[in-house]
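Quick notes on the structure that follows.
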Amino acid sequence: MGGLSVADLTGWVRAYADSIHENAAFLTDLDAAIGDADHGSNMDRGIKAVVAAIDAGSFETADALLKKVGMTLVSTVGGASGPLYGTFFLRCGTALFDVSDIDAAAFGAALRAGVDGLLARGKAELGDKTMYDAWAPALDAYDQAAAGGTSTGDALRAAADAAATGRDATVPLVARKGRASYLGERSKGHQDPGATSTTLLLEAAASTLA
């Protein structure tokens with residue numbers, strides 16, 4: 001078995017925490033243009049709480065770890081981001097329950113289960129100018145790479161690159177969901193903060209789970 005371990009997944013979460021902290025001000029600036037100006041600060045607070053919970057706990061399985069991440073985000077991140085990211089990690093954990101070898105296919109299935117969860121909660125569609133505009137192309141790129149027999153790391157690199165393209169594609173869109181939708185045409189010309197933090201998550205995965 002050469003799949004991902006609990007230690008690998010813990011490293012991913014820690015790397016994401018570092019990235020969120022480094023980009024917190026940038027994420028908040030993005031959110032100031034079309035939202036509540038708190039995405040960066042909220043995510044930074046929540047992911048710090050996640051790291052504290054990881055440090056205080058012991059996790060023998062991937063599902064236990066990821067469910068703890070999800071529950072912590074739900075309880076500590078304000079706005080819509082906490083329930084969305086929390087649901088993502090909770091569903092990822094559920095998908096990996098009793099999976100002994102987390103290979104590229106299993107991890108891809110977990111990612112898709114996580115995104116299905118946040119879609120069920122957020123009801124977003126492609127083109128709504130939300131985090132799903134990064135997730136949708138990322139999942140497709142991951143699945144295509146994994147189907148070709150590539151490694152988990154290479155599939156995640158493809159996913160991260162596709163997420164970045166999707167993130168950038170949110171700039172000219174008119175928001176149809178969330179706080180940004182209240183601005184109508186004025187939401188054009190701004191990068192979506194949720195798509196940006198999603199890209200950071202996948203970039204952290206690509207860098208740590210290779």
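Only the coordinates and a few stated rules stand behind these numbers; no lab work does. Just so we're clear, the structure is a prediction, and the values are computed from it rather than from any experiment. Glycine gets a Cβ as well: all are built from the backbone with ideal geometry, and neighbour counts include every protein chain shown.
How much mean residue ellipticity at 222 nm does the chain get from its helices, if each DSSP H run of length 4 or more adds -39500 (n - 2.57) and you divide by all residues, to the nearest 500 deg cm²/dmol? Please list the in-between numbers first.
Details: 8 runs with 146 residues, N = 210.
Calculated at 222 nm, the ellipticity per residue is -23500 deg cm²/dmol.
Across the chain, C-alpha contacts under 8 Å between residues 6 or more apart give a mean separation that, scaled by the residue count, equals a relative contact order of 22 percent. Overall size of segment 150-210 from C-alpha positions, given as principal axis extents largest first: 42, 16, 13 Å. FRET efficiency for Ala147 and Ala7, Cβ-Cβ distance as r, R0 = 30 Å, nearest 0.05? Computed FRET efficiency for Ala147 and Ala7: 0.65. Expressed as a fraction of 2.2 N^0.38 Å, the value expected for a compact globular protein of N residues, the C-alpha radius of gyration of segment 85-145 is 1.12.
Considering only Ser41, Ser75, Ser197, the Gaussian network model of the chain with Cα springs below 10 Å gives its largest mean-square fluctuation to Ser75. The mean sequence distance of close C-alpha pairs (under 8 Å, at least 6 residues apart), as a share of the length of segment 124-210, puts its relative contact order at 38 percent.
Taking only alpha carbon atoms, segment 52-154 gives an Rg to Rh ratio of 0.99, where Rh is the Kirkwood radius. Percent of C-alpha pairs per 5 Å bin in segment 1-98, short distances first: 3, 14, 23, 24, 17, 10, 6, 3, 1, 0.
For Ile47, what is the net charge nearby, where nearby means another residue's Cβ is under 11 Å from its Cβ and Lys, Arg count +1, Asp, Glu -1?
On the way: positive: Arg14, Arg45, Lys48; negative: Asp18, Asp44.
Value of the local net charge: +1.
Convex hull volume of the Cα atoms of the chain, normalised per residue: 93 Å³. Among the trypsin sites (Lys or Arg not before Pro) in segment 64-166, those placed in a DSSP loop whose Cβ has at most 16 other Cβ atoms within 10 Å are Lys123. When the chain is treated as a GNM with alpha-carbon contacts under 10 Å, the residue of Thr199, Thr76, Thr150 showing the greatest mean-square fluctuation is Thr150. Rounded to the nearest 0.05, what FRET efficiency do Arg179 and Met71 give with R0 = 25 Å and r taken as the Cβ-Cβ distance? Could you check? It comes out at approximately 0.50.
Mind checking which lysines have their C-alpha under 23 Å from Lys129, skipping anything on the same chain fewer than 8 residues away? The reachable lysines, counting only those whose Cα sits under 23 Å from Lys129, are Lys177, Lys188.
Please work out the Kirkwood hydrodynamic radius for segment 85-210, using every pair of different C-alpha atoms, and report it in angstroms with one decimal place.
Values: mean 1/r = 0.0683 Å⁻¹.
In segment 85-210 this quantity evaluates to 14.6 Å.
Just tell me the longest site-free run in the chain, where the sites are GluC sites (Glu not before Pro) in a DSSP loop having at most 13 other beta-carbon atoms within 10 Å. That would be 126-210. Amide H contacts of Ile102: Gly3, Leu4, each under 5 Å away and 5 or more positions distant or on a separate chain (H built 1.01 Å from N in the peptide plane; Pro and chain starts excluded).
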